[in-house]
Structures are given as structure tokens and as C-alpha cells.
Amino acid sequence: MNILWKIAVLGTTLGASFSLQAAPTQVSATIDSTQMYMGSKTLLRVTVVRDKGKAGNLVVPQDTIVKNVEVAGAVSNTVSNLGNNREQASYIIPIQSFDPGTYSLSKLKYVEAGDTIAVPPTALKVIEVDIADLEQNNAGPYDYKPVIDPKMPQPEDEDNDDSAFPWWWIVAGVIVIAAASWFIINRLKKGDGGKIAIPLFRRKPLLPPYEEAVKSFLILNKQELLKKGETKLYYIRLTNIVRRYISRLYGINAMEMTSVQIMDAVRRNEAVKGCDNLSFLLETADFVKFAKMQPSDDENERSLSEAKTFVEVNKPIEQPDDEKSSAKEKKKEK
């Protein structure tokens with residue numbers, strides 16, 4: 001009887017040992033956020049459940065997971081014991097993208113003892129951001145107001161004393177508005193020729209777009225922002241010079257567009273030249289503003305050179321003096 005019992009125990013032990021050794025490696029993947037704004041970061045998590053002590057390695061590309069989705073930092077790896085001769089390896093991969101679109105993260109592989117296991121794909125949607133909104137007042141996309149403490153008294157909780165209401169402020173305001181209205185009406189009275197007798201505002205005439213851009217480059221150079229370490233502000237002002245030049249010269253609302261929208265607009269306009277110069281400038285500026293990249297001196301010089309080249313190749317062709325005079329005469333005849 002004892003012999004039979006020992007044989008049964010031995011058989012059970014060997015069977016359990018065999019089943020543990022034969023357990024397959026399991027690989028899964030999740031992503032912290034399936035949607036994010038371009039320039040933001042999220043974490044891709046890969047989990048490997050394997051036999052304890054079994055060697056294996058997750059193959060992660062150095063630069064990009066897939067096209068337009070980059071590896072944004074060091075990959076971390078922790079191993080925890082699950083019991084029953086099993087362990088779990090957890091990989092965390094920070095990722096980032098500057099191009100809007102939907103991506104399938106499907107190129108990761110796990111290599112173990114000569115076998116390659118494909119990591120299940122995960123989906124990521126990158127949402128486009130309006131750069132003009134981010135540039136306003138140098139405010140970032142996370143410029144939120146502080147949370148109000150519910151214990152603090154709010155304006156609506158305070159007692160309102162109607163008897164102390166400053167009615168005289170209303171009277172003074174009405175008087176000021178009336179005086180300002182009278183002044184404006186008198187300034188705008190038209191004379192015999194139908195023109196405004198005295199202009200309310202005298203606007204300084206704008207320089208032509210090309211002259212304005214050249215002058216702006218000189219002013220930016222004198223500010224020496226790069227020497228002061230203000231790289232982001234430098235690229236904001238540099239790209240704004242080119243954006244305003246495009247707006248005034250071609251009627252494209254570049255000041256309110258993202259870099260992608262600007263490139264689409266200028267490429268559709270056959271009159272615009274030097275699109276490659278503009279593409280390098282806008283791409284470098286986006287990396288500086290959203291990825292906090294610090295360009296080299298050569299990249300800074302090239303960005304300024306590309307901006308000046310774009311302005312120069314799109315310089316309006318001046319008409320000869322005789323054509324200008326004939327154009328003026330035609331306007332007078334009309």
C-alpha cells in the first residue's frame with residue numbers, strides 16, 4: 001500500500017513539474033491613453049508572463065515604434081514573482097507624436113530562446129493642436145486655472161448691501177460716455193467733399209510685405225534671444241515673421257494655422273515658391289516649441305537662412321516706372 005501511495009505522489013509531482021515547464025510565454029500590450037494631442041506623451045505597457053528564470057528580451061526600436069510615433073525616453077523593465085514557477089516582466093515605453101492621425105503600434109517583438117513572439121498591436125489616435133492658440137501669451141496647453149477651495153467664501157456668499165451701492169459711479173459713467181460720443185460725432189463730421197473733416201485715428205502706413213519682413217529679421221537679430229537662452233521665444237518670433245509675410249502676400253491666414261495647415265495651403269498655391277525651405281523652418285520650430293528640443297548652432301543658422309530664403313524667393317516683382325504711371329492714369333480715368 002505504501003509503495004502504491006509513493007508511486008502516486010511521485011507521478012503527481014512529475015506531472016506538475018512537467019506542466020510547469022511546458023507553460024507557454026504570454027505577451028500582452030496596453031496603452032495609458034488611446035487618444036492624445038500632438039506633442040503630448042503617453043505610456044505603452046508590455047507585459048510578459050513566462051517561466052521563472054527563462055531568459056527573454058523585448059526588442060524596442062531606438063527611434064520610432066511606427067512611422068510618426070517616436071520613443072520619447074528610456075524603456076523601464078521590472079520583474080515580479082507570480083508563484084507556481086511563473087514571473088511577470090513589465091516594460092514601460094514612453095511614446096510621443098507630432099503628426100495627427102491614427103496609428104497601429106504593431107512592430108514590437110519579444111525574443112525568447114530563439115523564438116520570436118509578436119506583441120499584440122495597440123491603437124493610438126493623435127489629435128491636431130492649433131499652434132496659434134498655444135503661442136498666444138506663451139501659454140501652454142495645460143494653462144489651467146487653480147482649483148477653488150470650497151471652504152473659501154465665494155463672491156455670491158457675501159452679503160450685498162444695496163444701500164451702499166455706488167450709484168454715483170453710474171452717473172459719472174453716463175456723463176463720460178455722453179462726452180465721448182459728442183467728441184466722436186464732431187470729429188467724424190464730413191466736409192463739403194464728402195471726406196472726414198478730422199480723422200479720428202491717423203494710422204501709420206504699413207511697409208510693403210517684403211520690406212517689413214527684412215526689417216523684422218534685423219530687429220530679431222538685434223534682440224540676441226539665442227545668446228540669452230530664449231530659444232523658444234526666438235523660434236516663435238522667427239516663424240511669425242514668415243507667417244505674416246505669407247498672410248500679407250498671398251492672403252493665406254497663416255497666423256491662425258498650424259504648421260501642417262500652412263504647408264497644405266502653400267503647396268496648393270502655385271504662386272508660392274520655396275516650400276521646402278518653409279517646411280524645414282516650421283518642423284524645427286515645432287520641435288522646439290512642443291518637444292523642448294535645443295537645436296545646434298548649425299540648425300539655428302539654417303532655420304534663419306531658410307526663413308530669409310523663403311522671403312527672398314517670394315519677393316514681389318516690381319513694375320517699371322512707365323507701367324506704374326500708366327496704371328495710375330487708368331485709375332484716374334475710372
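The values are calculated or read from the model by the stated rules, or taken from the named source; none is laboratory data. Given the structure is predicted, the values throughout are model-derived calculations rather than measurements. All Cβ positions, glycine included, derive from the backbone under ideal geometry; neighbour counts span all protein chains shown. Protein only, heavy atoms only, side chains kept; ligands, DNA and RNA dropped before computing areas. Shrake-Rupley method; radii C 1.70, N 1.55, O 1.52, S 1.80 Å.
Annotations for the structure displayed:
- Of all residues in region 49-58 being part of a strand (DSSP E or B) and open to solvent by less than 70 Å² (accessible area, probe 1.4 Å), the one that is farthest from Lys109 (Cα to Cα): Asp51
- Some residue of region 256-274 being out of contact with any Cys (no Cβ under 6 Å at 6 or more places or on another chain), at pLDDT below 90, surrounded by 15 or more Cβ atoms within 10 Å (Cβ to Cβ) and not aromatic (Phe, Trp, Tyr): yes
- Scanning region 85-103 for residues that are within 25 Å of the chain's Cα centre (by Cα), closer than 15 Å to Val46 by Cβ and either among the charged types (D, E, K, R) or open to solvent by 30 Å² or more (accessible area, probe 1.4 Å) (or both) yields a single hit, Ile92.
- Residues of region 256-285 that turn out to be of a type in the set (D, E, K, R), closer than 15 Å to Arg243 by Cβ and either touching a residue at least 24 places away in the same chain (Cβ under 8 Å) or touching a Leu at 6+ places or on another chain (Cβ under 8 Å) (or both), as a count: 2
- Within region 22-48, being in a loop (DSSP other than H, G, I, E, B) and not aliphatic (A, V, I, L, M) holds for Pro24, Thr25, Asp32, Ser33, Thr34, Gly39, Ser40.
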